[in-house]
């Protein structure tokens with residue numbers, strides 16, 4: 001606790017967030033797209049309910065007590081877990097009687113005789129497709145695999161943390177009558193499906209139907225996963241574009257999803273592929289989200305509650321390089337057992353699972369459809385109904401939308417475009433929500449410090465101080481961490497999980513420990529993967545820091561006397577231009593941007609973040625100082641405010657706002673914060689630069705005569721081509737983006753270094 005004395009003489013006590021003293025509530029839904037869901041299933045006291053280790057099962061989790069119960073508590077606890085009702089027993093009959101399936105079958109049978117033989121043929125084909133998608137739950141396999149998975153998780157991880165407040169919030173949402181739950185999760189490991197299925201089953205949320213993405217599985221493993229609740233895309237649907245209901249496989253898939261939602265069985269959809277490296281919405285995720293939206297649009301269900309899920313590991317249990325090397329091979333049951341045996345010989349630390357706030361799919365779709373309908377209208381067309389009294393301007397009342405509203409008047413092409421737009425926005429929105437609610441683990445913080453701040457080595461005492469500083473910066477940005485405890489124990493725990501990538505040397509005279517990261521490309525790649533979770537936390541500040549570095553690189557050739565960065569004054573217009581150039585260049589998912597947030601508004605938000613973190617200070621002009629200084633002076637004959645011009649002039653205000661400047665400063669306690677932020681984003685920018693250089697290389701082989709002409713250095717694009725000024729000496733090729741020449745990491749690294 002720190003005490004700060006303000007100018008009025010009052011003492012204000014400021015509590016510094018540190019190691020569990022402050023836990024922010026993460027995962028609030030978007031107030032722009034779902035304003036009514038903002039206050040649902042949320043309570044301010046949820047953040048103080050603590051955590052639960054879901055893999056720690058004792059005799060208190062059973063109905064019995066005694067010596068034998070303590071030995072068999074895992075088995076008895078699994079037997080007590082309730083298995084909710086499966087999909088209806090007449091599921092096959094319902095799907096065959098579905099209008100969508102009958103229409104698709106009629107289209108396939110068009111041109112042939114509609115006799116009894118053809119009807120039996122398409123019915124058998126529909127049942128075959130349904131068998132590829134799912135199988136009835138096997139209670140024996142379900143309980144046996146839950147017991148085996150419970151023992152395996154206790155051997156792999158120290159704990160699997162779940163916030164009690166988030167669990168209470170999801171349980172309240174599950175109690176909503178007539179509304180099913182759909183969990184939209186990030187995907188970090190091949191173990192995520194089994195882990196989340198076990199977690200929901202053990203906490204009383206039911207056995208979810210877990211969607212399986214593009215990973216090819218052997219027939220035995222596919223049959224086992226279907227018996228445990230896994231659902232697969234039909235083979236024909238994986239090869240065709242989404243949303244084609246005229247195809248029989250797509251019609252059976254859509255009818256099956258409708259029946260799952262009607263029976264209120266939880267559905268778990270993974271939004272990305274594991275080990276993808278970047279936040280990217282996968283194609284199988286869109287294949288599964290489209291039938292969910294279609295069921296709501298056609299009126300099969302009144303509403304669907306969507307719950308974004310974030311998963312964070314200290315160390316991902318799968319071997320990243322092995323999975324990528326053998327990713328094209330079908331995954332078999334023997335390979336899974338061998339991978340589990342190899343994993344038992346390693347330590348993977350802790351796991352944290354976070355649930356974001358549930359939001360309504362009906363409200364989200366209505367808001368996005370209204371926003372889409374307004375996109376092509378002028379301001380007069382929007383305001384004229386309100387002026388004449390024939391309509392409302394409010395977004396909720398601009399257009400009437402509900403289940404089945406688009407089917408009556410919309411064409412097939414319009415419905416397809418509408419579905420693609422809403423599904424894409426929904427997937428990107430849920431993916432950003434899942435990333436925002438994911439906790440930051442200790443290994444990620446340590447890896448980031450070793451990679452971007454202490455590449456040449458650091459003492460343990462200095463590393464602990466930087467760990468504490470970075471932890472406070474994360475908590476101040478309303479992001480939670482997945483660890484607690486003493487600082488030295490947490491740092492040593494993270495160093496032990498990094499294993500051979502870090503060497504520790506105990507120095508006897510100073511009594512300290514020297515930490516040396518391995519100076520190899522594989523070590524840097526692994527540290528980058530471990531610390532990738534910190535980039536969305538500091539994405540805004542990192543973009544602003546790279547924009548500042550670009551402006552400094554342009555000003556460097558024109559500075560006569562070498563001055564420090566703190567003596568440089570930057571224009572607000574130039575900062576906005578550089579920030580927007582970076583925002584247009586980088587993918588929005590990488591920065592954690594939501595689809596409903598305009599880039600211009602986010603540019604101003606980045607500038608505000610730079611001011612709040614202490615990197616920028618407003619530079620007052622002489623006119624602003626004179627306007628603010630209204631005190632009496634002994635040698636003045638009349639008050640200074642009599643000379644002020646209070647005339648209403650918008651042009652003067654715009655000129656004054658456009659000439660606003662900022663001065664660089666160093667935050668207290670972190671003098672190299674700007675360089676640290678630039679290095680967070682430098683691997684991405686270096687990847688773009690290498691891609692640009694690769695695309696600019698000539699095609700091979702070449703003739704000897706044409707090679708000297710092609711070997712000339714590339715010229716710098718003109719000012720009209722790039723949209724701004726370009727300093728001399730820049731030879732970086734472009735990617736077709738007119739702002740790429742300004743934001744090249746080669747130019748940025750010329751001033752600050754890598």
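Placing a pseudo-label 7 Å from each Cα along the Cα-to-Cβ vector at residue 665 and residue 92 gives an inter-label distance of 7.3 nm.
What would the Debye equation give as log₁₀ I(q)/I(0) for segment 442-534 at q = 0.20, 0.25 Å⁻¹, counting only Cα atoms as equal point scatterers? Result of the Debye calculation: -0.95, -1.43.
At 0.36 nm per residue, and after removing the present C-alpha to C-alpha distance, how many nm does the segment from residue 346 to residue 488 gain when stretched out fully? Stretched fully, the residue 346-residue 488 segment lengthens by 48.9 nm. If you plug the beta carbon distance of residue 455 and residue 298 into 1/(1 + (r/R0)^6) with R0 = 56 Å, you get a FRET efficiency near 0.50. Among 252-261, 52-61, sorting by the average number of other beta carbon atoms lying within 10 angstrom of each residue, highest first, gives 252-261, 52-61.
Ranked by the mean number of other Cβ atoms within 10 Å of their residues, highest first, the peptides 429-440, 487-498 come out as 429-440, 487-498. Modelled label positions at residue 506 and residue 604, each set 7 Å beyond Cα in the direction of Cβ, lie 5.8 nm from each other.
Ranked by the mean number of other Cβ atoms within 10 Å of their residues, highest first, the peptides 130-138, 189-197, 171-179 come out as 189-197, 130-138, 171-179.
Quick check on segment 130-192: what does the Kirkwood estimate of hydrodynamic radius come out to from the alpha carbon pairs, in Å?
Across segment 130-192, the inverse of the average 1/r is 15.2 Å.
Each of residue 31 and residue 263 was given a label point 7 Å from its Cα along the Cα-to-Cβ line. The distance between the two points is 4.1 nm. Put the Cα centre of segment 154-226 next to the Cα centre of segment 24-89 and the gap is 12 Å.
Multiplying the residue separation of residue 171 and residue 83 by 0.36 nm and subtracting their alpha-carbon distance yields 30.1 nm. Summary value for segment 442-534: 47 percent relative contact order, contacts being C-alpha pairs under 8 angstrom separated by 6+ residues.
Throughout, read-outs are computed from the coordinates displayed, never taken from laboratory work. Being a predicted model, the structure only gives us computed values, none of them experimental. Counting neighbours? That spans all protein chains shown, and the Cβs are built from the backbone with ideal geometry, glycine included.
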